[in-house]
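Structure first, then comments.
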Amino acid sequence: VAGVGFDWEVTRWRPAPYLRLLLLVGYSKDARSQLRLVAKILPAFLRVATLVGLFVAFVAWFGVVVWPPRASAEGRENFTNFREAAWQLLICLTTANFPDVMLPAYERDRWT
């Protein structure tokens, strides 16, 4: 669609909404306790998220190496490059779109 532009309005940064949030946290004992709880949980969450990210990165690299795009149908569909492989594996890991990624290879080689 040529000639269609976005008419984005340039606005200034306004600190008032962020200051209101700080006031809420400052005056609410429950909000402070919840923020402390989030701060305690965050290191454990980051360790698990890092482990999952490393796993996806390793399997994406492995998929690109084992199924190169020029040599196999799986490589042409899902493992064209590292970024695409990681994206497809993240879809398999996190959403209900697993059949969208898995079924083409399953239909082609059902008995292997």
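The values are calculated or read from the model by the stated rules, or taken from the named source; none is laboratory data. It should be emphasised that the depicted structure is a prediction, and the values quoted were computed from it without experimental measurement. Here the Cβ positions follow ideal geometry from the backbone for every residue, glycine too, while neighbour counts run over all protein chains shown. What goes into the accessible areas is simple: the full protein's heavy atoms, side chains included, and nothing from ligands, DNA or RNA. Shrake-Rupley method; radii C 1.70, N 1.55, O 1.52, S 1.80 Å.
List of remarks:
- Members of the range 34-46 found to be open to solvent by 100 Å² or more (accessible area, probe 1.4 Å) and either of a type in the set (A, V, I, L, M, F, W, C) or in contact with a strand residue (DSSP E or B) (Cβ under 9 Å, 6 or more places away or on another chain) (or both), listed by number: F45
- Residue within the range 20-42 that is within 23 Å of Y106 (Cβ to Cβ) and modelled with pLDDT under 90 present: no
- Hits in the range 43-82 - residues which are closer than 20 Å to Y106 by Cβ and either touching a Cys at 6+ places or on another chain (Cβ under 6 Å) or of a type in the set (G, A, S) (or both): A60, G63, A71, S72, A73, G75
- Test: residue in the range 83-103 that is loosely packed, with under 13 Cβ neighbours inside 10 Å, modelled with pLDDT of 90 or more and either out of contact with any Cys (no Cβ under 6 Å at 6 or more places or on another chain) or over 30 Å from R20 (Cβ atoms) (or both): yes
- Candidate set from the range 6-28 (those that are open to solvent by less than 70 Å² (accessible area, probe 1.4 Å) and assigned to a loop (DSSP other than H, G, I, E, B)); member that is farthest from R83 (Cα to Cα): S28
- Just one residue in the set A31, A49 is open to solvent by less than 80 Å² (accessible area, probe 1.4 Å) and under 15 Å from the mean Cα position of the chain (by Cα); that residue is A49.
- Residue count for the range 63-82 under the criterion of being exposed (fewer than 14 other Cβ atoms within 10 Å of the Cβ) and within 19 Å of the chain's Cα centre (by Cα): the result is 1.
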